[in-house]
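In what follows, a single structure is set out as structure tokens and then discussed.
The values are calculated or read from the model by the stated rules, or taken from the named source; none is laboratory data. Just so it is clear, the structure is predicted and the values come from calculations on it, not from any experiment. Ideal geometry is used to build each Cβ from the backbone, glycine not excepted, and the neighbour counts take in all protein chains shown. SASA here: full protein model, heavy atoms, side chains in, ligands and nucleic acids out. Shrake-Rupley method; radii C 1.70, N 1.55, O 1.52, S 1.80 Å.
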Amino acid sequence: MNTLLFFAGLKEAIGTDEVRLAAAGMTLGEVKEKVRSEYSLDQVNNCMMAVNEEFAPEDTTITEGDTIAFIPPVSGG
Amino acid sequence: MEKRCWITSEPLEIEEVTKRVIRREAGAVNTFIGTVREFTKGKRTLYLQYETYKEMAEKKLEQIAKEMERQWPSAEVVIAHRIGRLEITDIAVIIAVSTPHRNDSYEASRYAIERIKKIVPIWKKEHWEDGEEWIGDQKEVKPGVPLKEEVK
């Protein structure tokens, strides 16, 4: 299984900060598209993606146990 | 060793952060303090709510500190960012940089805050008199696609 993490506005739109999904074998881009269509949320498109706490490109293949984070535009400082 | 980059929900103490970079080799200590502003383009902020992906955010702050060391090898860096509810004038971030000479300390400090605003997963929600909104100003980044340098 894999854990998907959501933050900030995306977390509020989805209604939870964490979703479990069997995503092993999928690419990061496919996971993103799945979430976008499942929740009808175009704001997913503005997110950067991270795997295991590092930014990762969308062609990254997910392996069992990976934690996938949706990172909306950041605004620290 | 104590962490030199951290995220906390406690109030930040300027003295506590800056004293960690003061040392015999340094002739300059630059402290950047980011605070909560009341008015933005005429709109009044009541307070801010900061949220983070803490594990990743601390890693990214540490990455920025390493980048600074590569560019300014003599620099000593400490970065602290606060999360949770912050009131007007509260300190959100402190960046302390010490270097032998002043020019490097200014440049390195500026570099740190610009990088924080691009790659560190921290978000703020503005609470105004008439509403609220998550702010995001990752303008330099193409939506959804991390820059090459962001991907390890």
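Let's see how each residue does on (1) more than 20 Å from B:Tyr53 (Cβ to Cβ); (2) in contact with a helix residue (DSSP H, G or I) (Cβ under 8 Å, 6 or more places away or on another chain):
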residue	(1), (2)
A:Gly9	no, yes
A:Leu21	no, yes
A:Leu28	no, no
A:Lys34	yes, no
A:Ser37	yes, no
A:Asp42	yes, yes
A:Asn46	no, no
A:Ala50	no, yes
A:Ile62	no, yes
Report task. Sort out which residues of segment A:1-42 are of a type in the set (Lys, Arg), touching a strand residue (DSSP E or B) at 6+ places or on another chain (Cβ under 7 Å) and surrounded by 14 or more Cβ atoms within 10 Å (Cβ to Cβ), and write them in order of number. Result -> A:Lys32
Report summary line: Within segment B:105-139, of all residues that are of a type in the set (Val, Ile, Thr), part of a helix (DSSP H, G or I) and open to solvent by less than 10 Å² (accessible area, probe 1.4 Å), the one farthest from the other protein chains (Cβ to nearest Cβ) is B:Ile119
Report task. Considering (1) open to solvent by 30 Å² or more (accessible area, probe 1.4 Å); (2) within 14 Å of another protein chain (Cβ to nearest Cβ), say which one B:Glu69 fails and leave the rest. Result -> (2)
Report task. May I ask you to list pairs of residues, at least six apart or on different chains, whose Cβ atoms are under 8 Å apart, with the first in segment A:1-24 being within 12 Å of chain B (Cβ to nearest Cβ) and the second being in a helix (DSSP H, G or I) and open to solvent by less than 30 Å² (accessible area, probe 1.4 Å)? Result -> A:Phe6/A:Ile14; A:Leu10/A:Val44
Query raised in the report: For segment B:92-104, which residues satisfy the criterion of being in contact with a strand residue (DSSP E or B) (Cβ under 6 Å, 6 or more places away or on another chain) and open to solvent by less than 60 Å² (accessible area, probe 1.4 Å)?
Result: B:Ala92, B:Val93, B:Ile94, B:Ile95, B:Ala96, B:Val97, B:Ser98, B:Thr99
Query raised in the report: Out of segment B:72-81, which residues are buried (at least 21 other Cβ atoms within 10 Å of the Cβ) and either part of a strand (DSSP E or B) or not hydrophobic (A, V, I, L, M, F, W, C) (or both)?
Result: B:Glu76, B:Val77, B:Val78, B:Ile79, B:Ala80, B:His81
